[in-house]
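One structure below.
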Amino acid sequence: MTSRRVFILGLGAVGLSACATGGVTSGAAAATDGLPADLLPQRNAGYDAWVSSFRARAGAGGISNATLNSAFRGTGYLPGVVKRDRNQVEFSRTLEDYLAIAASDERVSKGRAAFAGHRSTLAAVEARYGVPAEVVTAIWGLESFYGERRGDVPVISATSTLAFDGRRGAFFEKQLMAALKIIQNGDIPASRLTGSWAGAMGHTQFIPTSYEAFAVDFTGDGRRDIWSDDPADSLASTAAYLSRNGWTQGRKWGGEVGNGAPAGSVIQPQAGGPKFSVTSNFRVIKRYNNSDSYAIGVGHLSDRIAGAGPLRGSFPPDKNGLTKDDRQRLQQRLTAKGFDTGGADGVIGPKSEAAISAYQSSIGIPATGTPSQDLLRSLG
């Protein structure tokens, strides 16, 4: 369901492994501690004029003046939100790279710990909605690293900035209206309504319209609180989302062909890589984020959380002729020489590219940032 997700991240939308100036109230200031300068409110006459005109539309849509005054107190134009929205690069990460992040050893171990630590809640959620606890836990892990990266950007500022900016104005005005209704309904005060730079919120990163449609009060305290340190409402809301989008109880999502996969449609997202047999529940996961890699990531991570081992199949060398083991050795050797790659997961991202460039410069060759077998050999 592409309208639920503003963009395909699903790996910590707010800094994952997922982000005040004068005029900000004490409550809003507390919520924005530690944000980059470009994600703090800045004066913008055009934005102010847009908000004035929007308030009339919001009032006609049933939002009270009291809610509007509370919601917009201390908010403002966030230039960093516009920059991040415009600078989203369309790229295609290989499934191998995606799974190296989505089902990393750290994410698996933290997932098993989160599963054990919230076992009773997850069991109750599964009993009510029929969605396996490990699948709910996996989505939690991909969306916010099990609650560690929920986002600190004020949702009213983020969605109003993007609605004003106009590139996807109609979509974000709907998100802004939904966010105002969340405040008006008393689920959370305006000062605590925070999320990612694009307005995705809580442990499992619901956008406001999806919150309106699917969030549930699982704890029975009268509020659908997906922002709380207690993840119960978020986990139940995710299960409710999948259930209402057609999850079939008792049916697996799928699995690797030749590794205990159920009968179903066979897909091979990466040429030369493992094949997967997928069921209708795989397509339900894609309603959460319309990406084969995301759905396989959720499914495989859920299997690992439940005790399964890694994939058995292998992936072919990348376009530079390097296998995952080669890339990990490259990262390890660069780091050992003082060129920090930020880890050795075998994924060549911006930090690894910067380390490669720095090393290349240090030995007097063009700084391309491109890994290769020759580069690996030069590192010893």
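None of the figures in this text is laboratory data; all of them are computed from the coordinates on show. Just so you know, these numbers come straight off a predicted model, no measurement behind them. Neighbour counts run over all protein chains shown; Cβ positions are idealised from the backbone, glycine included.
Here the sum of -39500 (n - 2.57) over DSSP H runs of 4 or more residues, divided by the residues of the chain, equals -14500 deg cm²/dmol at 222 nm, to the nearest 500. For Lys181, which aspartates and glutamates qualify as cross-link partners when the Cα separation must be under 13 Å and same-chain residues fewer than eight apart are set aside? Partners within reach: Glu173, Glu212. Placing R0 at 22 angstrom, the Cβ-Cβ distance between Asp340 and Thr370 gives a FRET efficiency of 0.75 after rounding to 0.05.
Once the chain from Arg55 to Ala113 is taken as fully extended at 0.36 nm per residue, the excess over their C-alpha distance is 16.3 nm. Pairs with C-alpha atoms separated by more than 20 Å, drawn from the list Lys174/Lys286; Lys275/Lys324; Lys252/Lys275; Lys252/Lys286, are Lys174/Lys286. If R0 equals 35 Å, the separation of the Cβ atoms of Ala127 and Ala45 corresponds to a calculated FRET efficiency of about 0.05. Other residues whose C-beta falls under 10 angstrom from the C-beta of Ile188 contribute a net charge of +1, scoring Lys and Arg +1 and Asp and Glu -1. Sorted ascending by nearby beta carbons within 10 Å, beginning with the fewest, Thr121, Thr368 become Thr368, Thr121. A convex hull fitted to the Cα coordinates of the chain yields 152 cubic angstrom per residue.
Using Cβ contacts closer than 10 Å as the measure, can you line up Ser237, Ser104 from fewest to most? Ranked by crowding around the Cβ, least crowded first: Ser104, Ser237.
Explain nothing, just the number: dipole magnitude of the chain about its Cα centre with +1 on each Lys and Arg Cβ and -1 on each Asp and Glu Cβ, in debye rounded to the nearest 20. Walk me through the numbers on the way to the answer.
Details: 41 positive and 34 negative charges, 121 e Å.
The calculated dipole for the chain is roughly 580 debye.
If R0 is 41 Å, the Cβ-Cβ spacing of Ile267 and Ala37 corresponds to a FRET efficiency of close to 0.40.
Exposure proxy ranking for His300, His118, based on other Cβ atoms within 10 angstrom of each Cβ and starting from the fewest, stands as His118, His300.
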